[in-house]
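> The following block contains the structure, expressed as structure tokens.
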Amino acid sequence: MAAVEASRDQRLRGVLVLVGQAVAVAGAYYLAGRLGLVRELVVEGAVFTPVWPPSGVAVAALLYFGLRVWPGIALGVFLVMLSITTDLQPAALGTVVGSTAAPVCAFLMLRAVGFRPSLSRLRDGLALVFLGALGAMLISATAGAGLLVLTDKIAADDFWPVWLGWWVGDAMGVLIVTPTLILLHRIRLPVRLSRWPEALILGLTTCFLVPLAAYSTLSMLYLVYPLLIWAALRFQLAGSMLCALFTSVVATIAATDGAGSFRGLTHVEVMVKLQAFNGSMALTALLLSAVITEQQNTRRSVELACQELVEVLEHLTAGDAPQGRGQADDGPDRFG
């Protein structure tokens, strides 16, 4: 009887944990959605965001909690839609399904190729880019833009511009927000930063140079790339993704305000220029940091192997049998 009650309590505890995780994911999705809607672009009568943070939140949640939190993503999508308009049509269900299916498919494809959230290998970065972002987000963009056409919210001729804006916005959310959340999940306090003076200089330089490049009418956005390379070379994922996140926010604000390099452009031109910049910047930051991290891990493995080889050679030179790493000396032979 006691065993039955213990099993029942364990199942109840598991259900409560699952519900709590789903509610937390829904809340995070909703907050990210409200944050993303602060800056909007209107293309062919459709409103979208250049970077849609909830898509990155959803993929990160699935990577760490698993498929069991997908109801939280669906609830978050519904809450975001409800915050935009209270007059929800039956077709809105299709948007909920598409926006939920996209991160779920991203998770399934990433899991199928052995993706590691640490992003310590180039293949992990490539998988996140081409499967998690560019590939899976085709689902949400196609469902969303298609439903707008079917419900006569936009004309059929406007499908592709709206589809492109939707797709790139969702993909940018995965490329920028998901690695940032992965980074935050890996942080352990207290943080020990051995190169804090260099990090401080990099941060101050970024805070000065990025707004200057974004708001300058001379179109100097290319000045950001040396900062990304510096951050990736010296601080890997932590440096490159934080730099990319800050740059994306500043560029998005400048674009939606029609300032700097985006002054005098039409909404479609602003969309294309901003998303091309955000996409190339995120790809540079993510893939370069993954390559450098993989090279450093390979070098450490080679150094460890060389160290073990030196120890073996020292034992052989001394005429002793080499002992494996981690094996203790058992002392003299008890039969000797």
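> Restrict the search to segment 190-299; then list the trypsin sites (Lys or Arg not before Pro) that DSSP places in a loop and that have at most 14 other Cβ atoms within 10 Å of their Cβ.
Arg192, Arg195, Arg263
> Quick one: Asp9, Asp158, fewest Cβ neighbours within 10 Å first, how do they rank?
The fewest-first ordering by Cβ neighbours comes to Asp9, Asp158.
> Then there's this: Contact order normalised by length for segment 95-254, with contacts defined as Cα pairs under 8 Å and 6 or more residues apart; what percent is it?
On the way: 133 pairs, mean separation 29.5, N = 160.
Relative contact order for segment 95-254 comes out at 18 percent.
> With Rg and the Kirkwood Rh both taken from Cα atoms, where does Rg over Rh land for segment 148-188?
For segment 148-188, the value is 1.32.
> Between Gln89 and Ser118, what is the label-point separation in nm under the 7 Å Cα-to-beta-carbon projection?
Between Ser118 and Gln89, the simple spin-label model gives 4.9 nm.
> Then there's this: Within segment 292-308, find all residues whose amide N lies under 15 Å from a label point positioned 7 Å from the Cα of Thr317 along Cα-to-beta-carbon.
Those under the cut-off are 307-308.
> With the dipole of the chain worked out from charges on the C-beta (+1 for Lys and Arg, -1 for Asp and Glu) around the Cα centre, which of Val177, Val310, Ile187 lies farthest toward the positive end?
Positive-most Cα among the choices belongs to Ile187.
> As a footprinting exposure proxy, order Glu40, Glu294 by other Cβ within 10 Å, with the fewest listed first.
Glu40, Glu294
> Choose one answer from Val312, Val224, Val59: the residue with the largest mean-square fluctuation in a GNM of the chain with alpha-carbon springs under 10 Å.
Val312
> So how do Leu122, Leu128, Leu218 line up by other beta-carbon neighbours within 10 Å, fewest first? Can you show the working numbers first?
Working: Leu122 16, Leu128 26, Leu218 9.
The order, fewest Cβ neighbours first, is Leu218, Leu122, Leu128.
> Okay, next question. If I take the Cα coordinates of segment 193-282 and project them onto the principal axes, what are the three extents in Å, biggest first?
46, 20, 16
> Still on this structure, please answer the following. Based on DSSP H runs of at least 4 residues, each adding -39500 (n - 2.57), what is the mean residue ellipticity at 222 nm of the chain after dividing by all its residues, to the nearest 500 deg cm²/dmol?
Helix contribution divided over all residues of the chain: -25000 deg cm²/dmol.
> Hey, another quick one. Take the chain, connect every pair of alpha-carbon atoms lying under 10 Å apart with a spring to form a Gaussian network, then pick out the residue of Val17, Val57, Val113 with the largest mean-square fluctuation.
Ranking Val17, Val57, Val113 by mean-square fluctuation puts Val17 first.
> Can you give me the Rg/Rh ratio for segment 1-156, using Cα atoms for both radii and the Kirkwood formula for Rh?
1.05
> Which of these values of Rg/Rh (Cα atoms, Kirkwood Rh) was calculated from the structure shown: (i) 1.11; (ii) 0.94; (iii) 1.01?
The value computed from this structure is option (i).
> Where does segment 119-274 land on Rg(C-alpha)/(2.2 N^0.38 Å)?
Compactness ratio reported: 1.21.
> Given +1 on the Cβ of Lys and Arg, -1 on the Cβ of Asp and Glu, and no further charges, what dipole in debye does the chain carry about its Cα centre, rounded to the nearest 20?
420 debye
> Take every Cα pair under 8 Å in the chain that's 6+ residues apart, average their separations, divide by the length, and report that relative contact order as a whole percent.
Relative contact order of the chain: 18 percent.
Read-outs throughout are calculated quantities, based only on the coordinates presented, and are distinct from any laboratory measurement. For clarity, every value in this text was computed on a predicted model and none was experimentally measured. Virtual Cβ from ideal backbone geometry, glycine too; neighbours counted across all protein chains shown.
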